[in-house]
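J.: There's a structure below that I have some questions on.
Derivation of every value follows stated rules applied to the coordinates shown; laboratory data play no part. Fair warning: this is a prediction, and the values are worked out from it, not measured in the lab. FYI the Cβ positions are ideal-geometry reconstructions off the backbone, even for glycines, and counts take in every protein chain you see.
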Amino acid sequence: MKATLVLRIAWRQLLSRSSSGFVRTVSVLSVAGIAIGVAALLILNAFMDGFADTIMEQLTSIHPPLEVRAPGGYTMTPDDIQFTMDMAERDPRISGISPVLERTVVAAGSSGDVAGVHLRGIDWTLEPALVAGPELEGLHVSPPGAVIGTILAARLGVAPGDTMRLASTDAASFSSMGRLLVDTIVAVRVAAVLDMGIDEYNSGVVITDLGTAAALFSTPVAATSLSLGTIEGAEPVSMASGFTLALREAYIEGECGYMVCDAFISLHGNLFAALGLEKTGMMIVLALITVVALLNLLSALTMIALEHRRDSGVLRAMGASPRTMMAAGLAQGGMIGMAGASAGCLFASASVAIINRFFPIRLESSVYWIDTLPGELDLQRLLLVGGITILACLAASVIPTASALAVSPSVAVRYE
């Protein structure tokens, strides 16, 4: 069986002038339907993947990917800190480690308003190198100084260079009259106001140095957690599971206190699970477009087989084997599928590129965390969708081809 003969037969039956205009119209509609289905699936995946990836980038741009802590909000002892540092240094996937002091405090500014915020005391010489984003790089924050988000700065009425006050109930006590006395109030200078990319952090996080954060504790504390950075390409979730298992085994053997390792993005796992569920549902709905197009393709190939039944009978009478005719029928479905898949992939690629560059999709940042919805078209997914579509078209062409072969050559020629 020669491939050139098979392709010539398939090409002639698809584009023969003897074919009726209705059959050609149905064939064109089959290609268009397949292209629309492929393009819809690819565009949906591009923007859903872009949404999830952008949120993940925003999360990792302001916070290290891994964090070791003692559950229950307990502080870490110096021995536990040293044990964790030694274990992290033995892992080549860890790029750095930095101590962190975290506490919920009350912040007040010049506007007279107060806000409950999450205070994060870091080592400015180590922490910026552990995050993926450039927000903390190049900041020269001399103690007592702090970095806050844009929304919190507007609420407190402060700007870079202004002073804000921080108070913690950790060092509070009650008087004999039952009043709450807060004797630890620290005034800090606002070193920078940053757009951290996520509304939650812009409105409720204060980043300062370790010394300023320690001043708000009633007792000396070395660290409440340890931030771990990872090399490029590392998988934080699997690394966190491995670290937690190793720490648990060390705790059982009495080498350290009970500690766990968390991947920062896993704290927002419900969000990504919801996005995945929404994406799956939308893909099922859009895949029905391709199913309708395949049914249209099935009818088109059936009509083509009926119109060229005499030609097929003559070819078989001249010695063409059933295998050759079957291959020609499959080639027809493959040609239509390849044309539709190629058109759909090209349209999806062009649409995503044009939307990203000229017509960006705007979002409400207070709801979706990001203000622009980017599209990220993955080449591997593009080839996967296109390949599956072509295979589905080949499968759809089996039924009309097998039905045509069921008619003997003598009968096919006799009644034409």
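J.: What is the order of 299, 238, fewest Cβ neighbours within 10 Å to most?
T.: Listed from fewest to most nearby Cβ atoms, that is 238, 299.
J.: Select from region 29-109 those trypsin sites (Lys or Arg not before Pro) which occupy a DSSP coil region and have at most 12 other Cβ atoms within 10 Å, ordered by residue number.
T.: Listed in order of number, the matching sites are 90.
J.: How much length is gained if the chain between residue 353 and residue 391 is pulled fully straight, taking 0.36 nm per residue apart and subtracting their Cα-Cα distance, in nm to one decimal?
T.: Value of the extension gain: 11.0 nm.
J.: Okay, moving on. Between region 67-116 and region 279-295, how many Å separate their Cα centres?
T.: Between the Cα centres of region 67-116 and region 279-295 lies a distance of 47 Å.
J.: In the neighborhood of residue 260, defined by Cβ-to-Cβ distances under 13 Å, what is the net charge if each Lys or Arg adds +1 and each Asp or Glu adds -1?
T.: -2
J.: In addition: In nm, to one decimal, how far is the modelled label at residue 323 from the one at residue 255, with both set 7 Å along Cα→Cβ?
T.: Once both label points are built, they end up 6.4 nm from each other.
J.: Rounded to the nearest 0.05, what FRET efficiency do residue 28 and residue 378 give with R0 = 41 Å and r taken as the Cβ-Cβ distance? Could you check?
T.: Details: r = 29 Å, r/R0 = 0.72.
Computed FRET efficiency for residue 28 and residue 378: 0.90.
J.: List every residue whose amide H lies under 5 Å from the amide H of residue 192, counting only residues 5 or more places away in sequence or on a different chain, with H placed 1.01 Å from N in the peptide plane.
T.: Counting only residues 5 or more places away or on other chains, the set is 146, 148.
J.: Can you put 80, 123 in order of Cβ neighbours within 10 angstrom, beginning with the fewest?
T.: Details: 80 24, 123 17.
Exposure proxy ranking, most exposed first: 123, 80.
J.: Within 13 Å, Cβ to Cβ, of residue 46, how many net charges do the neighbouring residues add up to if Lys/Arg are +1 and Asp/Glu are -1?
T.: My count for the surroundings of residue 46 gives -2.
J.: Once amide H atoms are placed 1.01 Å from N in the peptide plane, what residues at a sequence separation of 5 or more from residue 205, or on another chain, have their amide H within under 5 Å of its amide H?
T.: Result for residue 205 returns 118, 149.
J.: Turning to a different aspect of this structure: Fewest first, what order do 201, 258 take by the number of other Cβ atoms within 10 Å?
T.: 258, 201
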